[in-house]
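The values are calculated or read from the model by the stated rules, or taken from the named source; none is laboratory data. Since this is a predicted model, take the numbers as computed values, not measurements. So basically every Cβ, Gly included, is an ideal-geometry build from the backbone, and we count neighbours across all protein chains shown. Ligands, DNA and RNA are stripped out before the accessible areas are found, and what is left, the full protein with its side chains, is counted by its heavy atoms. Shrake-Rupley method; radii C 1.70, N 1.55, O 1.52, S 1.80 Å.
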Amino acid sequence: MRSNSDWRGSTRRNFARYLVLGGLALAAGSMGAAGAASAKDLHVLNWQGYGTDEAWATKLFEERTGCKVVHDYFNSEEEMLTKLRTNPGTYDVVLINSAFTQAAAKEQLIQAIDTSKLTNWKDLNPKLRDSTYLNTGGKTYGLSWVWGVTSFAYNTDDIKTKPESVQALWDPAYAGKVGWRDDPVEAVAFGAIATGQDPNNPADLDKVKQKLLALKPQLKTFWSSEDEWNKHLQGGDFEIATYWSGSAARSKKAFKLPVEFVIPKEGAIGWFDGLSIAANAPNLDCALKFIDFMVSPEFYVKWDTTVGAPASANDKANAALPADAFNRVVMGQPGLQERLFYMAPLTDDQRKQFTELWESVKTELGK
Amino acid sequence: MSASRHSASGSAASRRRWAVIGLTGPAYLWLAFTVLLPLSAMLYFSFLTVAPIGARVAEPTLGNYLDYFRKGFYLTLTGRSLWLGVWVTVLCLLLGFPAALALAKYVKGRWREALFLLVVLPFWSNALVRTFSWTMVLRSDGMLDNALQAVFPGLPHLDIMFTFTAVVIGLVHSFLPYMILTCYISLQAIDDSLLEAARSLGAAGPTVFRRIVLPLSMPGILAGTILIFVPVIGSFMEPRILGGRGGFMLGNVIEDQFTVVFNWPLGAALSFILLAIVLLILAAFYPLLRRNLQGLA
Amino acid sequence: MTRLWGTALRVYLAVTLAFLYLPIAVMVLMAFNQSPLYKLPMVWDTVWFEKLVDNDRLLTAAAHSIVLALANTAVATALGTMAAFAFARYQFRGKTLLQILLFPPITIPWLIIGTSMLVLFFWIGIGRGLHSLLLGHVALSIPYVVVVVGARLKTFGPVYEEAAATLGATPWQRFWRISAPLMAPGVIAAALFAFAVSFDQFVISYFLAPPGWTTLPVEIYSSIRKGFTPEINAISSIIIFVSMGLMLVFARLYRFGGER
């Protein structure tokens, strides 16, 4: 039987052993990590799985330009801003939703883009490219990249007739079968559209709140990412839910789910994303080349046809898609643009107000 | 070294003081620099209108703290989070203590170590993957539902997914090992001869338990309670995934102030209110704790 | 009577372990399911393990997590045990205050701590990096170590050390020959907790890791957006099995529960 003194010795030995091991391992790890960075690196900040990190694309880009693409990700726009604020001089290219570009420029987190260096500039749709959301003071702060629609989608196996109105989300026939995105701005926007108001500036917020509270018998659960949405639909957690156009295309094509996207007669939320260049970007040259590549038809067509993507801001790229592509059929449908309410920039105070409203609604919904 | 026994009491006292500083110093220096200092900055922010970053002008205000009482839903959420904390902690205690007792006193030899380690192992699985696995078990037409249907065909489908119950199950599962382990290390320290002596003096099983085992295992129970209750009331991931519509907790609101909207002062204020609540609860129970732990030191 | 109790309790322990391992079993099972969306019924396939071999990103992240957790465990256990010992065996002014200061790291959501750490670290110039990560992880683990080791020390009481003192043992001897072996199960439990805290730590790693350097939890949480495939299950299963193996080897070689 081992005595206490044997144990004492082995405790001490183990302690020392682990300490040394841990220290060595950490040193080795840090040396490994340090060796990875190099001068020709291009740092990109984006959502994960949102085009810029497609393996074939970064490989092609590196072969052509010698710039190695290194990614860092965020899970919300607010997080993206926090990362820009707390990591100065780290990032080159940043994906910023057009509703946030002005605020980022004002806070001097991004720099003006020299559009004369972009070969695809002339082919971009002027409505998005020259939008005041991306251009201020005669300078361009964001390169319009992709655009999409936020509306709702449904499971075609469960629901046989296509709903044409946004009120379908409040239809008692679908009680307990509705999914909803957990986002204050989107929630308020849906509430506004459903009560006939402007989603960017609802006149009667109280009416919006009441409409959202009426979701109580309808909602089963919230979702906040495309992947969650797919899994919920797959598992039968909901049959009809708010969703994004590009994601609906992907769910249908890549995941083979029975999904149909609806843009109701009352209208839907439009949005577009821009590629911006961070202030004090360490690799400006590579950054400009990269964003030029991203809006090119060459990249876009392959991206949409192999993986599925939102609609391109480059008319030429859109036109190069196969005739039955989602982005040509659904997004190119006549009369669509008139029904869209594009997401406008919001002030910090407006955002706080909407957030508080949504939080109090969620509290009620949870009772 | 032996001279210490002969030296004046002043020198022994100073030696003791150095021992205390030497022992607590490193840990607290580390904590001060990495946690307490940054949190002081956050505490300062909580009294401002906006975080003073990016050339924003911030003004002092008590608004963030007052809003907590003015806007009813914060109080509702706090109540909900506390209720969740109580449920999970009590269940962990009721379920975990007997398991710890079994492990400490009724399992012998090498088995004990092996089982002890097996209890710890689930800790090392990723919380998200675990929680997601629970959704597969608990959802309607999920594994549990199918198992029940197989045994009792014709039973109505299980509907506990996206409810408070599902959240409790998920959290109890995540935190149960804490209670089992802390109770185990206390129970295991109780000398068997103490229990034998009590029995030989005529004490029956329940009496031995109530008057010897329970008081001596109090430190373990207490440690487990703290390590479970405190994180649970601030939790947001399991409530979100398992609670669906009803999964909105105080932790989610705090998170929102950093990930959805740029309102660090409010997030900070809510966190410190949470901390204050925890300390208040502790202070309320302090006399009870003191009495229970007195016989030990 | 005692024998009946004993058996009942042992059965109960087995049931509890079954409960603890239920989601783990599901997790391992799903690693062998062909459907990327976790669709049932199961179709057996090892495709996710095969994909894992090529998934450099995930494998590197796992390696990083392990290294970081080991370093964290060594440092946090050492620091925390010392502090716990001071609390249990000495009376001094400010003791209560120091004990209260252990609460902020476990009460305040890690998101706040992470953000404030990031702001502070940038302000003083040390920024993000492995050093920041370690600073953060250890800080979060220390309270767990102190509480767990403290509970163990409290139960034992200073009676053995005092007895040794009257027999002429020096403080150093008292510590290494009496306190340390008595504390051992508590220290081991604390070390295991510290490892778990670091290994599964998402928030702090997310904020403080240098860009391009991730850990397993960060990869898993981030993949919620991209697509949470059973590759995650595959790597989690491997980790569980390897840990189980290591632990059983450890249990065979070292006995830390005392002789009984």
_Solvent-accessible area buried by C and B, counting both chains, probe 1.4 angstrom, square angstrom_ = 9300
*Considering the alpha-carbon set of segment B:193-289 alone, what are its Rg and its Dmax in angstrom?*
20.9, 67
*asked:* As I understand it, the value is the acute angle between the Cα axis of helix A:184-194 and the longest principal axis of the Cα atoms of chain A; what does it come to in degrees, rounded to 10?
replied: 10
*Pull up the cross-link candidates among the lysines for A:Lys68, meaning alpha carbon to alpha carbon under 22 Å and not fewer than 8 places away within one chain.*
A:Lys40, A:Lys59, A:Lys83, A:Lys117, A:Lys289, A:Lys302, C:Lys226
*Taking a cut-off of 16 Å between Cα atoms, list the aspartates and glutamates near A:Lys162, but don't count ones fewer than 8 places away on the same chain.*
A:Asp171, A:Glu239, A:Glu260, A:Glu266
_Run the helix sum for chain C: -39,500 (n - 2.57) per DSSP H stretch of 4+ residues, divided by residue count, reported at 222 nm to the nearest 500 deg cm²/dmol._
-24500 deg cm²/dmol
*Convex hull volume of segment C:32-92 per residue (C-alpha atoms, cubic angstrom)*: 153
*In Å and whole numbers, how far do the C-alpha atoms of segment A:223-367 stretch along each principal axis, longest first?*
53, 41, 31
*asked:* Over segment A:46-168, what portion of Cα pair distances is larger than 18 Å, expressed as a whole percent?
replied: 65
*Near A:Glu77, within a Cβ-to-Cβ distance under 11 Å, what is the net charge of the other residues, with Lys and Arg +1 and Asp and Glu -1?*
-2
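How much accessible area per residue does chain A have, counting only protein heavy atoms and a probe of 1.4 Å, in square angstrom?
For chain A, the solvent-accessible area averages 39 Å² per residue.
Could you work out the Rg to Rh ratio of segment C:125-177, with Rh taken as the Kirkwood radius (inverse of the mean 1/r over all Cα pairs)?
Numbers: Rg = 17.9 Å, Rh = 14.0 Å.
On the Cα set of segment C:125-177, Rg over Rh gives 1.28.
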*Over the heavy atoms of B:Phe236, what accessible area does a 1.4 Å probe trace out, to the nearest 10 Å²?*
60
*Roughly speaking, to the nearest percent, how much of segment C:10-64's 1.4 Å accessible area is carbon and sulfur?*
70
*In the protein assembly as shown, with Lys and Arg counted as +1 and Asp and Glu as -1 at Cβ, which of these residues, C:Val75, A:Thr195, C:Gly212, has the Cα nearest the positive end of the dipole, that is, farthest along it?*
C:Val75
*asked:* Output needed for chain B: three equivalent-ellipsoid semi-axes, defined as square roots of 5 times the C-alpha gyration tensor eigenvalues, in descending order, whole Å.
replied: 38, 35, 17
*Any number yet on Rg/Rh for chain A, C-alpha, Kirkwood?*
1.06
*So, how do all the Cα-to-Cα distances of the protein assembly as shown break down into 10 Å bins, in percent, from 0 on up?*
2, 11, 20, 24, 20, 12, 6, 3, 1, 0
_For segment A:271-347: relative contact order, % (alpha-carbon pairs under 8 angstrom, 6 or more apart)_ = 22
*Most mobile listed residue (C:Met82, C:Met247, C:Met27) in chain C, GNM with C-alpha springs under 10 Å*: C:Met247
*Provide the net charge surrounding B:Phe162, with neighbours chosen by a C-beta distance below 11 Å and charges set as Lys +1, Arg +1, Asp -1, Glu -1.*
+2
*Output the Kirkwood hydrodynamic radius of chain C, Cα pairs only, in Å rounded to one decimal.*
21.3
*Using a Gaussian network model of chain A with C-alpha springs under 10 Å, which one of A:Asp41, A:Asp227, A:Asp130 is most mobile by mean-square fluctuation?*
A:Asp227
_Acute angle (nearest 10 degrees) that the helix C:110-124 long axis makes with the longest principal axis of chain C, alpha-carbon atoms_ = 80
*Can you list the lysines whose alpha carbon sits under 16 Å from that of C:Lys154, skipping same-chain ones fewer than 8 residues off?*
C:Lys95
*Work the Kirkwood hydrodynamic radius out for segment C:57-182: mean of 1/r over every pair of different alpha-carbon atoms, inverted, in Å.*
16.9
_Distance histogram in 10 Å bins (all Cα pairs of segment A:156-206, percent per bin)_ = 22, 47, 27, 4
*Viscosity 0.692 mPa s, temperature 37 °C, Stokes-Einstein D of segment A:144-273 from Kirkwood C-alpha radius, µm²/s*: 222
*Mind checking which of A:Thr101, A:Thr221, A:Thr161 has the largest fluctuation in a GNM of chain A, springs on alpha carbons under 10 Å?*
A:Thr161
_Length-normalised contact order for chain B - Cα pairs under 8 Å, 6+ apart - percent_ = 25
_Rolling a 1.4 angstrom probe over the protein chains, ignoring ligands and nucleic acids, what is the accessible area of A:Ser312 in square angstrom, nearest 10?_
10
*If you place +1 on the Cβ of every Lys and Arg and -1 on the Cβ of every Asp and Glu, how big does the dipole about the Cα centre of the protein assembly as shown come out, in debye to the nearest 20?*
3840
*Enumerate cysteines in the protein assembly as shown without a disulfide-compatible partner, where compatibility requires another Cys Cβ under 4.7 angstrom.*
B:Cys92, B:Cys183
*Calculate how steeply helix A:77-86 sits against the longest principal axis of the alpha-carbon atoms of chain A, using the helix alpha-carbon long axis, and give the answer as 0 to 90 degrees to the nearest 10.*
40
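Is there a pair in A:Lys216/A:Lys253; A:Lys362/B:Lys71; A:Lys127/A:Lys209 whose C-alpha atoms are over 25 Å apart, and which pairs would that be?
The answer is A:Lys216/A:Lys253; A:Lys127/A:Lys209.
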